[in-house]
Number of protein chains: 4
Amino acid sequence: MSRPLRITVVGGSRCDDATATLAEQIGREVARRGGVLVCGGLGGVMEAASKGASAAGGLVVGILPGVDAREANPHVAVPIPTGMGEARNVVNVRAGDAVIALRGSHGTLSEIAFALGFGIPVMAVRSWRHLDGVEQAETAEEAVERALERADAGGGSSGT
Amino acid sequence: MSRPLRITVVGGSRCDDATATLAEQIGREVARRGGVLVCGGLGGVMEAASKGASAAGGLVVGILPGVDAREANPHVAVPIPTGMGEARNVVNVRAGDAVIALRGSHGTLSEIAFALGFGIPVMAVRSWRHLDGVEQAETAEEAVERALERADAGGGSSGT
Amino acid sequence: MSRPLRITVVGGSRCDDATATLAEQIGREVARRGGVLVCGGLGGVMEAASKGASAAGGLVVGILPGVDAREANPHVAVPIPTGMGEARNVVNVRAGDAVIALRGSHGTLSEIAFALGFGIPVMAVRSWRHLDGVEQAETAEEAVERALERADAGGGSSGT
Amino acid sequence: MSRPLRITVVGGSRCDDATATLAEQIGREVARRGGVLVCGGLGGVMEAASKGASAAGGLVVGILPGVDAREANPHVAVPIPTGMGEARNVVNVRAGDAVIALRGSHGTLSEIAFALGFGIPVMAVRSWRHLDGVEQAETAEEAVERALERADAGGGSSGT
């Protein structure tokens, strides 16, 4: 079988309108291109990306820090309550064949750092800029297209 | 929105034919009734349940102990490589609105123990028998029907 | 160098007086024989064992489920707040060269199950009785003596 | 009781001689001032810091990513094998009342990010420089002195 590629979107649990719009576009693009959207399942960037993917008919998986699935935003179809707090950031990152990072705070930075350490491709759109190994994209389309290319090239978890 | 209920199936990573048949029937029933199948993503009971659910058109999520999504059995649509070893058992259990336990070893026992501790309903079919709070079921149909009832009653993560 | 052996004591976060007395004796014995006491850091069996070890001049490490080191009982010298909830049970077990189990609930059962699965020796004193592979001891002295023997034989983490 | 303060030292698992010398000085200072040294338990910065603390008579705790306590460097008195891979970075950080960061790679960056996110004071000595909220120190003495001050002011886990 061939599995759909999984794209993890990371960013702040609160965000400004421009970032939310961008996240929603990214979620929609992931879904339109047949990817599964993975995120931390909460608000802000996570919710906007979930909304975009869900509206486009895509599957949304939310890796939650807490123990209650009801904390997931309403666009998450499959909540995974880990009860592990911020250690879930590691799972969130590993769950993706590639990571797209938007504006966020220290949690987002930890996820970018883990992705780089794990050799998982990271595309950033208006996020932490100064990290070697993070590719910059200007638009949602560019970010998703390149994330899927990089994910696919990595072999990732897509079977044959 | 109303989320599909998630049923976590736990059991040995190797199993005899009768257990595999039972696990496959359980996976199929979960899918037929609109549930998402969650499991540890590997072989044995996990693979048989995944196969049943996948064949019936259901979604299969595999919460893996290792770091490589390719370790998932071929019926897992969404592998979640945690890299956390057996600590992923906690996530596996929390990810379900109810747990169905088949024959297994100490990992399975740890998952039953966590479910009981978390207040997550546990149905056992030919599994560890002597634990208070674990309900016994005789058939795949009975196990899934009651798991879904109990999951739904708990309110679980199904939205409104 | 030769490291001291680490003995993990598991049991309920509340307990009756007889169990507390037993736990305190076990903690004292671990310290008297030069071992490090590891536990979950909270109350009940954990606190009593910590008290016994601390009073005898031993080192007490508490692997906490929460994020606040101040949740540790007052006899813990080195609190390790994991923020991982019950997934810390895995760490608690792995941190010991052997495990001594007293009366407890599902968390304790999960820890016994993990120890058995990991091949870590488990001594039980008036705890869950029906598990193959768990050795039974009648007194604190017997439990600690045998736990240290078994830990040492395993090679565990003691250097040379 | 009053617990000793715990200082977590983070940095690369391999390092140049100058960094090793600095790490060893930091470990020694932590021990001299009565602190417990926490680290990831492996080589490089971790080993040098462990060596310094151990040589000065201090207690060294190593929070290991793997399952085998024997992977700890020889100066670790209390190895804690987590089996959680890089998710142990979260535990490593939370275990400290303050963090001192030396030169390192993405794992180190993830630890700095977590510390900032958790509100745990971070002192950097020749480490990742461009992060708001990280205090810079020039020498081992300065780093340890300020880390202990900041840890103490935070109330941290030191009891009364």
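The values are calculated or read from the model by the stated rules, or taken from the named source; none is laboratory data. These figures come from a predicted structure and were not determined experimentally. Don't worry about glycine lacking a Cβ; one is built from the backbone with ideal geometry, like all the others, and counts go over all protein chains shown. What goes into the accessible areas is simple: the full protein's heavy atoms, side chains included, and nothing from ligands, DNA or RNA. Shrake-Rupley method; radii C 1.70, N 1.55, O 1.52, S 1.80 Å.
Being of a type outside the set (S, T, Y) and open to solvent by 10 Å² or more (accessible area, probe 1.4 Å) holds for only one residue in C:G96, C:G119, and it is C:G119.
Does B:V90 satisfy being farther than 26 Å from C:F118 by Cβ and either among the aromatic types (F, W, Y) or free of Cβ contacts under 8 Å to residues at least 40 places away in the same chain (or both)? When the stated conditions are applied, B:V90 does not pass them. Scanning the range A:122-139 for residues being of a type in the set (V, I, T) and either in contact with a helix residue (DSSP H, G or I) (Cβ under 6 Å, 6 or more places away or on another chain) or surrounded by 22 or more Cβ atoms within 10 Å (Cβ to Cβ) (or both) gives a total of 2. Looking only at the range C:81-117, residues that are touching a Leu at 6+ places or on another chain (Cβ under 7 Å), among the β-branched types (V, I, T) and under 24 Å from B:D132 (Cα atoms) come to 1 in all.
Put simply, of B:L148, B:L102 the only residue that is in contact with a helix residue (DSSP H, G or I) (Cβ under 7 Å, 6 or more places away or on another chain), touching a residue at least 60 places away in the same chain (Cβ under 8 Å), more than 10 Å from chain A (Cβ to nearest Cβ) and within 19 Å of B:V61 (Cβ to Cβ) is B:L102. Checked against the criterion of being acidic (D, E), more than 27 Å from A:Q136 (Cα to Cα), touching a residue at least 12 places away in the same chain (Cβ under 8 Å) and in contact with a strand residue (DSSP E or B) (Cβ under 9 Å, 6 or more places away or on another chain), the range A:69-85 contains one or more residues that satisfy it. The residues of the range C:7-36 that are more than 22 Å from C:R103 (Cβ to Cβ) and open to solvent by less than 70 Å² (accessible area, probe 1.4 Å), listed by number, are C:G34, C:V36. Scanning the range A:1-55 for residues that are assigned to a loop (DSSP other than H, G, I, E, B), among the polar types (S, T, N, Q) and farther than 20 Å from A:A113 by Cβ yields one hit, A:S2. Check the range C:140-147 and report whether any residue there is over 24 Å from D:E71 (Cα atoms), modelled with pLDDT under 95 and surrounded by fewer than 17 Cβ atoms within 10 Å (Cβ to Cβ). Among the residues of the range C:140-147, not one is over 24 Å from D:E71 (Cα atoms), modelled with pLDDT under 95 and surrounded by fewer than 17 Cβ atoms within 10 Å (Cβ to Cβ), which makes the answer no. A:R32: away from chain B (no Cβ under 12 Å) and touching a residue at least 12 places away in the same chain (Cβ under 8 Å), yes or no? Taking the combined requirement at face value, the residue satisfies it. When B:G83, B:G41, B:G52 are checked against the criterion of being in contact with a Pro (Cβ under 7 Å, 6 or more places away or on another chain) and either within 28 Å of A:A98 (Cβ to Cβ) or buried (at least 23 other Cβ atoms within 10 Å of the Cβ) (or both), B:G41 stands alone in meeting it. As for the range B:55-65, it holds at least one residue that is surrounded by 22 or more Cβ atoms within 10 Å (Cβ to Cβ), more than 8 Å from every other protein chain (Cβ to nearest Cβ), free of Cβ contacts under 8 Å to residues at least 40 places away in the same chain and more than 21 Å from A:R94 (Cα to Cα). Of all the residues in the range D:67-80, those that are more than 7 Å from chain C (Cβ to nearest Cβ) and open to solvent by 20 Å² or more (accessible area, probe 1.4 Å) number 3.
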